[in-house]
């Protein structure tokens, strides 16, 4: 079984620093309106979180608040359900001036949960966010609207149902609570009692979780207003307890005293999440007859409790429906085993299919509730899986720890790819291990917590889209290399890389052996730095050093902190060029990837590198057959060459770079000598995004002719720059650009 960190389980031991919250007044035997008020310290009035309409979440945590509450810290992260399959992940914040900050997005529509953790051990709530999660005092929530989450959105004021808190006693003097939703127009005196659904929380959760995390009120309100459900009362309990059946019986008694609900089993439904789903299954299979409708949302039961009477279960149960997330869900394998057990026993059930996009999370259980409620207390024609869900034909099995190199890629029947990471035994005494990589939206970086397996740490994550990924481990806040992954990145010694194959990654994939271009190294003397330097040079398949017509030449530059190796090791330039050439997308050309780490790049390029290339390769000296592009620092260097030597390169491309001031620019020479000036940028997560927008404004003011490629979704990172190269290279040396 896959072990995946859950929202309220497997949490490391740490100091929690919760914000004070007001407690609801408990009055035994009465129904109280839910009270959710947060006391906000005077020090933190400006919101730490802002969410744009297009789903970008920006965090800015004041450094003075952190220091005054937590002392000096070396690391601050936002933990939340931002990872693949909505898994729990860590977003690293960067300390800049008066705030720790970061932006992530675009996040898909839905609900999100987060908290802030310093140095892996000190966790605090965002005091500027008034939302609360009763069972987890340091959590806050926010919502990203969109069509796919329309059933999770608030309905117009006054049109939804009512949420109350029911206080009752269970087992002597013990007081318990439940959250109760009643439908719009609920009438306590109507002739026929309402049917009732009892929803149970998972281990470590509470009765308020279904409202605060599951958005049950919004789901029920929307389903009711659409006519997609029967009018019913929904009672959300804590679950748990040594005797779950007795606890549930006490809750049902209290609910019948407080609400006009039916005691008829045919008008009663029961469902639960995770361990709550397990309790539901065991109760119904061992004691059929109390509930006609039963749902297990990722219940962790793999067998039947004792002797099961299948005829009694089938006779008393109109609906037994099972749900599970993908292979990252700990319920995945138990659900498979349970279904086989039920099949052998002759117990009738329905299976919603494997939800391919989510794991053991509230996003999955929200979707389960949306599917389950419309099936209650009325005839339903469709008894199959939800649209897009897949079958569950076998268990998900990984090799035993320590038996195979990782990352281990597993491709599912529907094409989804999951990847498993595992450390060596060197970190057996570590306290906190995450795997960092570019699997956040747009290729941003997230840290996924791993769990201990003996003397190693392991995690499975996904599904990952087809693309090129890079990763490292962070062990007790120290970056370390995945020694099981033999790939290397020269300028980032702790990084490793891997490719998830698929249609979207076809241009980043190796071409068949012998069909690609040749990647060679050129060593030359640099007068700028007084030593020999190296460049990578790609020549197209069939390159002819004696061809009558010299080849066009394209100089492609790296960014700050990088060198000539990065476009090959990280940018996948060889794969991109090989594939584009074989597809006929690019002109035959020579591509030179030089080392831009020099005090005077323009001199290095024009006086040292370019002459060396012309001496070693059959390339043109005609400016119309020459191109120059670079990313970040290399883009700035490209702009400098354009400023000082307009017309030397007819094709200019800049990836995530700013032009600078408007003075000293010969606009006429730039426009006359440049066939194509194309500007690229990442989205708002790219820190040079404002500089690129300022560049466009400068060009407009000066009258410089250019093309803006639009915003490439993603940060200041390789996912963006690979896509920029893929777009830019086919535009070179073709004279129909304008």
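What follows draws every value from the coordinates through simple rules; no lab data is involved. Every value quoted in this text rests on a predicted model; they were computed, and no experiment measured them. Virtual Cβ from ideal backbone geometry, glycine too; neighbours counted across all protein chains shown.
How do 339, 589 line up, fewest other C-beta atoms within 10 Å first?
Sorted ascending by nearby Cβ count, the order is 339, 589.
Pull out a ≥ b ≥ c, the square roots of the eigenvalues of the alpha-carbon gyration tensor of region 149-217, then state rounded if a/c is under 1.5, prolate if not and a/b is larger than b/c, and oblate in the remaining case.
oblate
With the cut-off at 1.5 for a/c, could you classify region 637-738 from its C-alpha gyration tensor as rounded, prolate or oblate?
oblate
Could you give the angle, 0 to 90 degrees to the nearest 10, between helix 718-728's Cα long axis and the longest principal axis of the Cα atoms of the chain?
50 degrees
What does the extension gain come out to for residue 702 and residue 425, with contour length at 0.36 nm per residue minus their alpha carbon separation?
93.7 nm
Relative to the longest principal axis of the chain, what angle (0 to 90°, nearest 10) does the C-alpha long axis of helix 244-258 take?
70 degrees
Tell me the angle of helix 275-286 to the major Cα principal axis of the chain, expressed in degrees between 0 and 90 and rounded to the nearest ten.
Approximately 40 degrees, to the nearest ten.
For a quick check: sort 439, 362 by the number of other beta carbons within 10 angstrom, fewest at the front.
Starting with the residue having the fewest Cβ neighbours, the order is 439, 362.
How high is the relative contact order of region 433-486, in percent, counting Cα pairs under 8 Å that sit 6 or more residues apart?
Relative contact order, region 433-486: 36 percent.
If the chain between residue 174 and residue 381 were fully stretched, how many nm would it gain, using 0.36 nm times the residue separation less the Cα-Cα distance?
This chain segment gains 70.2 nm when fully extended.
How do 474, 576 line up, fewest other C-beta atoms within 10 Å first?
474, 576
Using only alpha carbon pairs under 8 Å that are at least six residues apart, calculate the relative contact order of region 127-218 and give it in whole percent.
32 percent
Give me the distance in nm between label points sitting 7 Å out from Cα along the Cα-to-Cβ direction at residue 549 and residue 691, one decimal.
3.8 nm
Given the chain, what percent of its DSSP beta bridges are antiparallel, to the nearest 5?
65 percent
For the chain, what does -39500 (n - 2.57) per DSSP helix run (n ≥ 4), summed and divided by total residues, give at 222 nm, in deg cm²/dmol to the nearest 500?
It lands at -6000 deg cm²/dmol.
Below 8 Å between Cα atoms, with a sequence gap of 6+, how large is the relative contact order for the chain in percent?
9 percent
What shape does the chain have by the C-alpha gyration tensor, where a ≥ b ≥ c are the square roots of the eigenvalues, rounded means a/c under 1.5, and otherwise prolate means a/b greater than b/c and oblate the rest?
Cα axes put the chain in the prolate bin.
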